[in-house]
Amino acid sequence: MTYRIDPQFIAEQNTRAHQQLQSDYEALAGVLSRRGCDIETLTRQAQAFAVALPSWGVGTGGTRFARFPGHGEPRNVFDKIDDCGTIHQLTRVTPGVSLHFPWDRTTDARALREAATRLGLHFDAVNSNTFQDAAGQAHSYKFGSLTALDPEVRAQAVAHNIDCIELGHALGSKGLTVWIGDGANFPGQSNLRGALERYLESMRAIYAALPSDWLVFIEHKMFEPAFYSTVISDWGSSILAAQTIGERCKCLVDLGHHAPNVNIEQIVARLHRFGKLGGFHFNDSKYGDDDLDSGSINPHQLFLVFNELAEAEANPRDGFNPSYMIDQSHNVTDPIESMLSSAEAITACFAKASLVDRAALHGAQEANDTMMAFQALRRAYNVDVAPILAMARVEAGGALDVLAAYRASGYRARKAQERKAVGLGAGIV
Ligand code: LRH
Ligand code: MN
């Protein structure tokens, strides 16, 4: 029997700080009611919010230079699910897990699905992987996968994606995320037009295999591993491909996949306008695809993204149901602590965006009152919503202070006992 944090322990931890929370909550309720906002409504909304965890995020990540694994690293997908279950037990906002194949391949989908269900988890979109050569693979992806010149390589990559759909289907997932590293390192190396045509041909074959209630997400990325050109390098390539491939092909925005200072919230507004906003990989970055903790570098940008999502939800285009997922690499922190902190940062930006006085914002916009339009956003951004998020968690059986409860539980030390030193890495290397 693997160690789980005792719900009674969490309740005892909460009791110690509940009085302080109650008074902070009532004080905030007063501030918000003077603004015509009902704190109970916001607390319900925060409770209903959900963001999925990346299975690869509970293992220590690394770079091409090195990876420094921590104690109690997950050894396999069942350990990863256990850790995701602990994050959801404390936050109550991370019921979904996004798996990556072949990293999370299992021969017993039923057992995995049952293990997830026992932990109150379900499987969000699955991720294919044609950016690495798996053991025993017939053809290498050195010169591309879905866009490779060799039709056998393309067929192998398409077959892998269809395999991911079948495994995901057995696990109850309803989506496939396709990110490929295909591109070139030298001018002239790749025929830029031909590569896109091969991409569209391969994606059509994957789309044809999609169950009728599934979506496929195209994830664009400016560079890396290719350093001169990437086949699906930006939102423009992604939306045109998605429009060409089909109705249930949508665009996924990984916040770290853009050049520094790109206006990502405007990309969100554009993708939504054309009915192609499929989902997100939340993280943060300062330079490249750093996969740092969400909101750790530029929390205001994350808030502005959620502000556009609130606008989109208020103006739905054939339904508004984007998939929210975290995609981070935890190289120097306890991965569980990073995801606890990131889930809080993401939910906080969602709650702050719900606090924007949209009538005041739109009124100021239509009056070209620049300062008051900006202030409508800033007033919401400046609200410390921590009491709302803590109350939402406590009322849902989670932890008032997720990091304090996690550390006090000794979960990591217990897992270090249970999971004697492992060889294989569970995080991104
Ligand atoms: C590519 C990416 C993609 C995943 C990988 C782990 O940079 O964001 O979403 O497949 O990271
Ligand atoms: Mn990603």
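Can you tell me which residues in the stretch 143-165 are free of Cβ contacts under 8 Å to residues at least 12 places away in the same chain and within 27 Å of the chain's Cα centre (by Cα)? Working first, answer last.
Start the filter on the stretch 143-165 by keeping residues that are free of Cβ contacts under 8 Å to residues at least 12 places away in the same chain, which leaves 143, 150-151, 155, 159.
Passing the criteria: only ALA159.
Give the number of residues within the stretch 225-284 that are among the polar types (S, T, N, Q) and either closer than 13 Å to MET203 by Cα or in a strand (DSSP E or B) (or both).
Initial filter on the stretch 225-284 (among the polar types (S, T, N, Q)): 229-230, 233, 237-238, 243-244, 261, 263, 266, 283.
Add one more test, that the residue is either closer than 13 Å to MET203 by Cα or in a strand (DSSP E or B) (or both), and what stays is 229-230, 238, 243-244.
Total satisfying the criteria: 5.
In contact with a strand residue (DSSP E or B) (Cβ under 7 Å, 6 or more places away or on another chain) and crowded, with 21+ Cβ neighbours inside 10 Å: does that describe SER202?
No.
So the check is Cβ under 7 Å with 6+ separation or different chains; which pairs have a first residue in the stretch 110-127 that's within 17 Å of SER98 (Cβ to Cβ) and a second one that's surrounded by fewer than 21 Cβ atoms within 10 Å (Cβ to Cβ) and of a type in the set (S, T, N, Q)?
Within 7 Å, the pairs are LEU112/THR106.
Given the residues ALA390, ALA399, ALA380, ALA348, which is the only one that is in contact (Cβ under 8 Å) with a residue 12 or more places away in the chain, surrounded by 22 or more Cβ atoms within 10 Å (Cβ to Cβ) and closer than 23 Å to ASP124 by Cα?
Numbers: ALA390 fails: closer than 23 Å to ASP124 by Cα; ALA399 fails: closer than 23 Å to ASP124 by Cα; ALA380 fails: closer than 23 Å to ASP124 by Cα.
On inspection, the qualifying residue turns out to be ALA348.
For the stretch 1-57, give me each residue that is assigned to a helix (DSSP H, G or I), of a type in the set (Val, Ile, Thr) and in contact (Cβ under 8 Å) with a residue 60 or more places away in the chain. It would help to see each step written out before you state the result.
At the first step, the residues of the stretch 1-57 found to be assigned to a helix (DSSP H, G or I) are 7-34, 39-48, 55-57.
Then keep just the ones that are of a type in the set (Val, Ile, Thr); that gives 10, 15, 31, 39, 41, 43.
Residues satisfying the conditions are ILE10, VAL31, ILE39, THR43.
So is GLY275 within 13 Å of ligand 2 (Cβ to nearest atom) and either among the acidic types (Asp, Glu) or out of contact with any Leu (no Cβ under 6 Å at 6 or more places or on another chain) (or both) or not? Don't jump to the end; show me each part of the working.
Working: within 13 Å of ligand 2 (Cβ to nearest atom): no; either among the acidic types (Asp, Glu) or out of contact with any Leu (no Cβ under 6 Å at 6 or more places or on another chain) (or both): yes.
No.
Select from the stretch 231-257 the residues that are within 13 Å of ligand 1 (Cβ to nearest atom) and either without any contact (Cβ under 8 Å) to a residue 12 or more places away in the chain or of a type in the set (A, V, I, L, M) (or both) and list them in ascending order.
The answer is ILE232, LEU252, VAL253, LEU255.
Quick check on this structure: which one of THR106, THR86 is surrounded by 21 or more Cβ atoms within 10 Å (Cβ to Cβ), over 22 Å from GLY279 (Cβ atoms) and either within 14 Å of the chain's Cα centre (by Cα) or of a type outside the set (Gly, Ala, Ser) (or both)?
Numbers: THR106 fails: surrounded by 21 or more Cβ atoms within 10 Å (Cβ to Cβ).
None of the others qualify; the one that does is THR86.
Could you please give the count of residues in the stretch 313-337 that are away from ligand 1 (no atom under 16 Å from the Cβ) and either part of a loop (DSSP other than H, G, I, E, B) or surrounded by 19 or more Cβ atoms within 10 Å (Cβ to Cβ) (or both)? Can you show your working first?
The initial filter retains those residues of the stretch 313-337 that are away from ligand 1 (no atom under 16 Å from the Cβ), namely 313-321, 332-334, 336-337.
Adding the requirement that they be either part of a loop (DSSP other than H, G, I, E, B) or surrounded by 19 or more Cβ atoms within 10 Å (Cβ to Cβ) (or both) leaves 315-321, 332-334, 336.
Number of matching residues: 11.
Name the single residue, out of those in the stretch 76-130 being closer than 28 Å to ALA157 by Cβ and of a type in the set (Asp, Glu), that is nearest to ligand 2 (Cβ to nearest atom).
Selected residue: ASP124.
Among (1) away from ligand 2 (no atom under 16 Å from the Cβ); (2) touching a residue at least 60 places away in the same chain (Cβ under 8 Å); (3) surrounded by 20 or more Cβ atoms within 10 Å (Cβ to Cβ); (4) assigned to a loop (DSSP other than H, G, I, E, B), there is one condition VAL356 misses while meeting the rest; what is its number?
(2)
Identify, please: which residue in the stretch 245-283 is closer than 22 Å to TYR199 by Cα and small (Gly, Ala, Ser) and is, among those, surrounded by the fewest Cβ atoms within 10 Å (Cβ to Cβ)?
GLY246
Inspect all residues belonging to the stretch 339-346 and state whether any of them is within 16 Å of ligand 2 (Cβ to nearest atom), touching a Leu at 6+ places or on another chain (Cβ under 7 Å) and assigned to a loop (DSSP other than H, G, I, E, B).
no
Under 7 Å between Cβ atoms, at least 6 apart or on separate chains: pull out the pairs that start in the stretch 205-229 with a residue that is closer than 21 Å to ALA155 by Cα and end on any residue that is part of a loop (DSSP other than H, G, I, E, B) and within 16 Å of ligand 2 (Cβ to nearest atom).
PHE217/ALA125; ILE218/ILE232; GLU219/TRP179
Would you say GLU224 is of a type in the set (D, E, K, R) and within 15 Å of ligand 2 (Cβ to nearest atom)? Write out each step before concluding.
Numbers: of a type in the set (D, E, K, R): yes; within 15 Å of ligand 2 (Cβ to nearest atom): yes.
Yes, satisfied.
Could we say that HIS169 is more than 16 Å from ligand 2 (Cβ to nearest atom) and within 30 Å of GLY120 (Cα to Cα) here? Please lay out each step first, then the result.
Numbers: more than 16 Å from ligand 2 (Cβ to nearest atom): yes; within 30 Å of GLY120 (Cα to Cα): yes.
When the stated conditions are applied, HIS169 passes them.
If I go through the stretch 166-218 residue by residue, how many of them are more than 16 Å from ligand 1 (Cβ to nearest atom), under 24 Å from the mean Cα position of the chain (by Cα) and in a loop (DSSP other than H, G, I, E, B)?
Within the stretch 166-218, residues that are more than 16 Å from ligand 1 (Cβ to nearest atom), under 24 Å from the mean Cα position of the chain (by Cα) and in a loop (DSSP other than H, G, I, E, B) number 8.
No lab work stands behind these numbers, since they all come straight from the coordinates. The model shown is predicted, which means the values in this text are computed figures rather than measured ones. Glycine gets a Cβ as well: all are built from the backbone with ideal geometry, and neighbour counts include every protein chain shown.
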